[in-house]
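Heads up: the structure comes next, in structure tokens.
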Amino acid sequence: MGVEKVVIRVNEVGEHEFDWWIDRGRRWWVAKADRVLNAHELIVIDSVNVVRAAGRIYGVLKDIEDGSGRVSIEVLPDEDSPLLGKEIQRSKSRNPVAYMSDIEVISE
């Protein structure tokens, strides 16, 4: 079992640029800051589970201004991730935030 990755499903599909996907995927989510910090990578998928962006997690910002309990995930973007453009297996949960140890590619 590998180090956890945070997989964010964005309820969107379409051809946006990598930067749009990484920015959309990194904030603001209801998530446990300590669990996100212990994760190694952020993977952003679209509504049909295709990987649109990825990056290495280096920090978390808390929404202290509004006190919403949400966090923004700070990442170093990885535009060369081998997962980009691939469909991955993800739970059927409607929660947009998932923590996964192993990523299973189901189609190229």
inquiry  = Quick check on segment 52-108: of everything there that is of a type in the set (D, E, K, R) and part of a strand (DSSP E or B), which residue is least open to solvent (accessible area, probe 1.4 Å)?
reply    = Glu74
Residues (in contact with a Ser or Thr (Cβ under 7 Å, 6 or more places away or on another chain) and among the β-branched types (Val, Ile, Thr)) located in segment 11-22 = Val13
ask   = Conditions: (1) surrounded by 19 or more Cβ atoms within 10 Å (Cβ to Cβ); (2) under 11 Å from Pro77 (Cα atoms). Asp46 meets all but one. Number of the miss?
value = (2)
request  = Filter segment 17-42 for residues that are part of a loop (DSSP other than H, G, I, E, B) and either of a type in the set (A, V, I, L, M, F, W, C) or open to solvent by less than 70 Å² (accessible area, probe 1.4 Å) (or both) and give the result.
outcome  = Trp28, Ala31, Ala39
Subset of segment 1-16 that is touching a helix residue (DSSP H, G or I) at 6+ places or on another chain (Cβ under 9 Å) and in a loop (DSSP other than H, G, I, E, B) - its residue that is farthest from Asp80 (Cα to Cα) = Glu12
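The values are calculated or read from the model by the stated rules, or taken from the named source; none is laboratory data. These numbers come from a predicted model, not from an experiment. Don't worry about glycine lacking a Cβ; one is built from the backbone with ideal geometry, like all the others, and counts go over all protein chains shown. Heavy atoms of the whole protein, side chains included, go into the accessibility calculation; ligands, DNA and RNA do not. Shrake-Rupley method; radii C 1.70, N 1.55, O 1.52, S 1.80 Å.
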